[in-house]
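The values are calculated or read from the model by the stated rules, or taken from the named source; none is laboratory data. Values in this document were obtained by computation on a predicted structure and should not be read as measured data. Neighbour counts run over all protein chains shown; Cβ positions are idealised from the backbone, glycine included. When the accessible area is computed, the model is the full protein with side chains, heavy atoms only, and any ligands, DNA or RNA have been set aside. Shrake-Rupley method; radii C 1.70, N 1.55, O 1.52, S 1.80 Å.
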Amino acid sequence: MQDRMYANAVPPHLSESNRRIIDGGPSLRVYQTWKGSNRFCCGGRLIFGPDARSLLLTVFLIVTPVILFCTFVSQRLFHEFDDHVGIIIVAISAVFTLYIVILLFLTSGRDPGIIPRSLHPPEPEDEADGSNLSADWSGSRISAPSLPPTKDVTVRGMVVKVKYCQTCMLYRPPRCSHCSICNNCVERFDHHCPWVGQCIGKRNYRFFFMFISSTTLLCLYVFAFCWVNISKTMDEYQCDLWRALAKSPMSGILIVYTFIAAWFVGGLTGFHLYLIITNQTTYENFRYRYDCKMNPYNRGCTGNLWEIFFSKIPPSKNNFRAKVKGETSVYNPVSVGPTTSLEIPKTSFDVEMGKRQAVAAEDLEDIQSQIDSVGGLERCGTQPPHTKWDQKNNWEITPDMRMLAAEFGMQYGPSPTEREKIHGDQ
């Protein structure tokens, strides 16, 4: 019985390409059917946020001052110091810059801790334990299947509320939040950083802090040696500060630039160092204010530092290169909720069919409107449709329209039987 229903579910008039898709086209991978807003590179091995282009600006802001430092400022440092010392000064800045760029891509190009989406929402009976339901929820306010918007869980002996995510169809784990930019639930969500073009979460927070702290040190390094260059220039020419800046303008430009940058990334580093010591996230600090109440995640200064810098980073919960299974893919969720009809199992052709139907929807509406307008002109009075057929007015439907209508199993105009009846009446 089910096989017969499935067989009838396939449209009778399909193009050859659609039949190939239904019969079993090339298998898709998880990253190709991903429901979030992420961008993937290298066949799903690298995952970025939707604003990944900001990486180019970030790399430019980091690399450009170092190139200017090595090109203009280091020439004078070679003369002022021994050859080996001058080379070491330049080499440190270059290697440190490469290290920072690597940290940047380790932060931006990896899974920050995305929680996989659920195919169906949790069953109400599974969440109906009174001890876990939020006290401020009334089941009558939510249509069946009714799920409470929040649920109470215990963390280190303290009750913490977790929220239900309508998009991912799951109760978020503690410290998890849904990023509106990437459209994913991220474990231990800190914030979405536009400078790295990625969410900052459990799996990349360590690299993010190392990135901003190292950038601060690089700014201070260039700032310091630019002042050393100015000082050596003043001693060599026996001039004041302004004349030394005139003789080495690039040193002055880099001093101003690195001073501003050091305040920005240095302040950010100090703020996140405070968050690490107190075991908070940026999201929690701005929303919950644990200074006014007990923080259930605080393990003490030593324990908090160990958790961030020395604990093992958990593996990703997503295999972006895995092949999608048509019937059980959580990345192509079907509609949920109470239903009395039998659901047709999803296959990989839904992706392409969905795109084609969306593109063809407007064309079909145009066809229908044209046919209705022609039919309306040919009908008269209260006569039923297609009782008279004017041979002078032909149905002006292009071959493309006929192919499109045939592909979706639609038939417009009188059938052959109706045409014979019309000619007989005439």
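Observations on the structure shown:
- Residue check, Lys323 more than 19 Å from Leu77 (Cα to Cα), touching a Ser or Thr at 6+ places or on another chain (Cβ under 7 Å) and open to solvent by 80 Å² or more (accessible area, probe 1.4 Å): yes
- Matching option when the condition is open to solvent by 40 Å² or more (accessible area, probe 1.4 Å), touching a Cys at 6+ places or on another chain (Cβ under 8 Å) and either of a type in the set (A, V, I, L, M, F, W, C) or not in a helix (DSSP H, G or I) (or both), among Ile253, Ile277: Ile277
- Scanning region 152-167 for residues that are in contact with a His (Cβ under 7 Å, 6 or more places away or on another chain) and within 16 Å of Arg188 (Cα to Cα) yields one hit, Cys165.
- Condition met for Leu268 (of a type outside the set (Val, Ile, Thr), within 31 Å of the chain's Cα centre (by Cα) and open to solvent by less than 40 Å² (accessible area, probe 1.4 Å)): no
- Matching entry among Arg188, Arg206 (being over 17 Å from Ser37 (Cα atoms), part of a loop (DSSP other than H, G, I, E, B) and touching a residue at least 24 places away in the same chain (Cβ under 8 Å)): Arg188
- Some residue of region 92-108 being under 13 Å from the mean Cα position of the chain (by Cα), under 28 Å from Arg172 (Cβ atoms), modelled with pLDDT under 95 and not aromatic (Phe, Trp, Tyr): no
- Counting only residues that are open to solvent by 100 Å² or more (accessible area, probe 1.4 Å), at pLDDT below 85 and assigned to a loop (DSSP other than H, G, I, E, B), region 280-298 holds 2 of them.
- All conditions but one from (1) at pLDDT 75 or above; (2) over 24 Å from Ile114 (Cα atoms); (3) β-branched (Val, Ile, Thr) apply to Ile313; the one that does not is (2).
- When residues of region 303-320 are limited to those that are in contact with a Lys or Arg (Cβ under 7 Å, 6 or more places away or on another chain), assigned to a helix (DSSP H, G or I) and open to solvent by 40 Å² or more (accessible area, probe 1.4 Å), the one farthest from Cys42 (Cα to Cα): Glu307
- Taking region 192-207 as the range and being open to solvent by 40 Å² or more (accessible area, probe 1.4 Å) and within 23 Å of Thr150 (Cα to Cα) as the test, only Lys202 passes.
- The requirement of being in contact with a Ser or Thr (Cβ under 8 Å, 6 or more places away or on another chain), modelled with pLDDT of 95 or more, buried (at least 18 other Cβ atoms within 10 Å of the Cβ) and not β-branched (Val, Ile, Thr) is fulfilled nowhere in region 26-41; no residue meets it.
- Residue match in region 216-238 (condition: surrounded by fewer than 19 Cβ atoms within 10 Å (Cβ to Cβ), outside any helix (DSSP H, G or I) and not basic (Lys, Arg)): yes
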